[in-house]
Amino acid sequence: MNQTNKKFGESEIFFSWYEKNKRDLPWRNTKNPYRIWISEIILQQTRVVQGMEYYLRFLQRFPDVKSLAEATQEVVLKYWQGLGYYSRARNLHEAAQDIQTRFQGIFPQQYEDILSLKGIGEYTAAAIASFAWNQPYPVVDGNVFRVLGRLYAIQTPIDSGEGKKQYTELARLIMNPEMAGLHNQAVMEFGALQCVPSNPECNQCPFINQCMGYATGNPQLFPVKQHKTKTRDRYFHYFYVIYNEYTYLYCRTKNDIWKGLFELPLIETERSVDFAELKELPAFKKLFQDTGQPVLSVDESGIKHVLSHQILHVTFYKVEIQTENAALKKYLKLPEDSLDSYPVSALIHKYLSKVD
């Protein structure tokens with residue numbers, strides 16, 4: 001390690017720590033902006049251990065911008081299945097098509113052009129620009145917020161405009177612009193492994209003598225937040241409808257959770273209802289009228305599926321019908337053994353994997 005440059009003293013400490021502690025991850029062994037982009041999008045809201053498998057599988061199927069752009073959205077979503085936050089996959093697909101048309105299939109090198117792509121914000125644009133081309137743009141993600149918030153005991157909330165501006169400027173000030181990529185990697189890794197959210201090992205930290213958060217006696221107070229995320233409850237009633245050897249799916253198309261994914265016929269209610277109430281609803285009557293004598297049973301109930309801002313309370317029903325009505329003809333009728341070909345949410349996939 002070179003002699004510490006006093007102007008970028010923090011950066012040198014991060015470099016030294018990173019050299020000894022960094023994980024060997026495949027996206028760190030490339031300067032290919034496409035591969036870096038894919039890794040950054042996958043690792044949003046996803047742990048590294050889980051993301052690794054998806055990253056390798058995704059690149060095997062879509063090794064470059066062209067292959068991703070030319071695939072159908074359905075295929076892209078299928079390869080994303082299980083990762084959640086499916087808007088990430090839809091945005092990847094749309095951005096790849098944009099790169100094909102607007103940049104002749106070559107991943108753009110200018111920060112502003114990278115930032116203009118669908119689904120790429122300031123953090124991801126900075127990560128790609130610095131990791132691929134060493135451009136001096138600081139990355140500011142959750143790990144960086146935590147490291148800087150504790151190191152300098154910053155009181156400004158990170159979920160405020162002023163806070164984001166302050167953190168970004170501070171991240172820029174401590175970054176050696178000639179080693180931007182390495183600096184960004186080091187700070188992010190430091191937050192992921194050393195300066196962790198709960199019970200950080202401060203006694204083993206190279207910043208122990210200068211960390212202002214540690215000096216307060218409670219570094220876990222930082223970074224400061226002003227708002228708590230509000231969640232809402234939703235009540236889903238799914239129907240696995242069996243007609244001879246067929247069942248039914250449909251694709252969610254509205255701007256809601258799981259857009260572009262397939263699922264079973266669904267009735268959503270505003271509150272928790274039992275079956276006696278459910279069967280009196282107009283939506284239920286419309287779905288099952290003129291289907292003969294449907295044989296219905298509760299397959300699974302009391303399921304609580306937690307998303308980032310929503311809690312789904314879910315019941316699965318199994319229904320055998322004798323006649324296909326007009327309402328069901330609007331769904332996609334499929335052989336029961338073909339469902340695995342369609343991209344579905346983790347909730348639906350878990351249920352279907354257990355259906356007899």
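Listing for the model above:
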| item | result |
| --- | --- |
| Peptide ranges 191-200, 329-338 listed from the most packed, as the mean C-beta count within 10 angstrom indicates | 191-200, 329-338 |
| Cα centroid separation, the stretch 279-344 to the stretch 131-203 (Å) | 47 Å |
| The stretch 173-312: C-alpha gyration tensor shape, a/c 1.5 cut-off, then a/b vs b/c | prolate |
| Accessible surface, the chain, averaged per residue in Å² (probe 1.4 Å) | 52 Å² |
| Over the stretch 9-100, relative contact order from alpha-carbon pairs under 8 Å, at least 6 apart, % | 24 percent |
| Net +/- balance of residues flanking Gln194 in space, Cβ distance below 13 Å, scoring K and R +1, D and E -1 | +3 |
| Protein accessible area in the chain, 1.4 Å probe - carbon and sulfur % | 48 percent |
| With DNA, RNA and ligands ignored, accessible area of Leu182 (1.4 Å probe; Å², nearest 10) | 70 Å² |
| Candidate lysines for bridging to Lys31, where Cα separation is under 19 Å - those fewer than 8 sequence places away on the same chain excluded | Lys22, Lys66 |
| Shape call, the stretch 55-101: gyration tensor on alpha carbons, a/c limit 1.5 | oblate |
| Rounded tilt (10° steps) of 122-133 against the dominant C-alpha axis of the chain | 60 degrees |
| Percent antiparallel among DSSP beta bridges (both partners in the chain, rounded to 5) | 60 percent |
| Rounded, prolate or oblate (a/c below 1.5 giving rounded, otherwise prolate when a/b exceeds b/c) for the stretch 110-231 by Cα gyration tensor | oblate |
| Radius 10 Å from Cβ of Tyr86, net charge of other residues (Lys, Arg +1; Asp, Glu -1) | +4 |
| For the stretch 70-80, Karplus couplings with θ = phi - 60° (6.51, -1.76, 1.60), whole Hz, Gly/Pro x | 7, 6, 7, 4, 4, 5, 4, 5, 5, 6, 8 |
| Residue-averaged [θ]222 nm for the chain, counting only DSSP H segments that reach four residues, each worth -39500 (n - 2.57) | -11500 deg cm²/dmol |
| Packing rank of 76-82, 26-32, where each peptide gets the mean count of other beta carbons within 10 Å, highest leading | 76-82, 26-32 |
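The values are calculated or read from the model by the stated rules, or taken from the named source; none is laboratory data. The model shown is predicted, which means the values in this text are computed figures rather than measured ones. Cβ atoms come from the backbone with ideal geometry, glycine included; neighbour counts cover every protein chain shown. Heads up: the accessible areas ignore ligands, DNA and RNA and are worked out on the full protein's heavy atoms, side chains in. Shrake-Rupley method; radii C 1.70, N 1.55, O 1.52, S 1.80 Å.
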